[in-house]
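Only one structure is covered here, and it is reproduced in the block below.
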Amino acid sequence: MCFKMTTFNDIKFQWKEQSQVNAPSNGSKEIIKKINALKKKQRITNIVLLTTVMVLIGFFFYVNAYAYLKVMMALCLMIGSLLVRVILEYFSIKKLDRLDITTNVTSFRLAMTSYYKKRIRTHYIFTPIILLLYITGFVILLPFFKMSLSNGFYTYITVSGVFILLIMALFIGKQIKKELSILKEIK
């Protein structure tokens, strides 16, 4: 009996001594500001991706890609991978919209932790796969570019394509790091 009482008293003491999660000193205004900034960035990302999709669709019809199976597959791979990313960003924005900042701090923190984990999964699993699919589509197109373009223009497309992909990868990496940093602050 004495053992149970000691254990209960220990648990009661630990309960009282546990740290409380407090709201940030600058309040919910700062959190709202950061969440809105994240939503804005995700919308801009979607606009850029959808613009790229539209250009690729225009190119698809311009070169009559449907007449060449490999060209059609390559462009569909590139377009499809970008559309997957657009869909992921769309649902991410919707999830941010559904976050209830009026709940208690603990509930909000749990929701933000869940959102943060999903964004990590998006950035570190889906984004590399999407980039690899896009690059694969581009590489599949290279022989067709070589056949139908001058050597100089083909070299330009190859070099600029690699350069753009590297710059894009660095930019995406920087944006991911920045977004996760903001989410970590909010969480």
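The values are calculated or read from the model by the stated rules, or taken from the named source; none is laboratory data. For clarity, every value in this text was computed on a predicted model and none was experimentally measured. Virtual Cβ from ideal backbone geometry, glycine too; neighbours counted across all protein chains shown. We work out accessible area using only protein heavy atoms, side chains counted, and drop any ligands, DNA or RNA first. Shrake-Rupley method; radii C 1.70, N 1.55, O 1.52, S 1.80 Å.
Below are the figures for this structure:
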| quantity | calculated |
| --- | --- |
| Whole-Hz couplings from phi, Karplus 6.51/-1.76/1.60, listed for the range 88-98; x for Gly and Pro | 4, 5, 4, 5, 5, 4, 4, 5, 5, 4, 7 |
| Over 21 Å [Cα-Cα, the chain], rounded percent | 62 |
| Portion, in percent, of the accessible area of the range 69-187 that falls on carbon or sulfur, probe 1.4 Å | 72 |
| Size of the range 25-69 as Cα extents on the principal axes (Å, biggest first) | 62, 15, 7 |
| Rounded accessible area per residue of the range 120-187, 1.4 Å, Å² | 67 |
| Cβ-defined net charge surrounding ILE140, 13 Å radius [Lys, Arg +1; Asp, Glu -1] | +2 |
| Two-decimal log10 I(q)/I(0) for the range 45-156, as the Debye equation yields it once each C-alpha is a single scatterer, q = 0.17 Å⁻¹ | -0.86 |
| J(HN,Hα) series, the range 148-153, from Karplus relation 6.51 cos²θ - 1.76 cosθ + 1.60, nearest Hz, glycine and proline x | 9, 10, 5, 4, x, 5 |
| Å² of accessible area per residue within the range 41-110, as computed with a 1.4 Å probe and no ligands counted | 62 |
| Longest to shortest principal axis, alpha-carbon extents of the range 118-187, angstrom | 53, 17, 9 |
| Karplus (6.51, -1.76, 1.60) ³J(HN,Hα), θ = phi - 60°, over the range 31-38, in Hz, Gly and Pro reported as x | 5, 4, 4, 5, 5, 5, 5, 5 |
| Electrostatic dipole magnitude of the chain [Cβ: Lys, Arg +1; Asp, Glu -1; Cα centre; debye, to 20] | 440 |
| Listed pairs LYS94/LYS174; LYS34/LYS178; LYS39/LYS184; LYS34/LYS94; LYS40/LYS117 exceeding 18 Å between Cα atoms | LYS94/LYS174; LYS40/LYS117 |
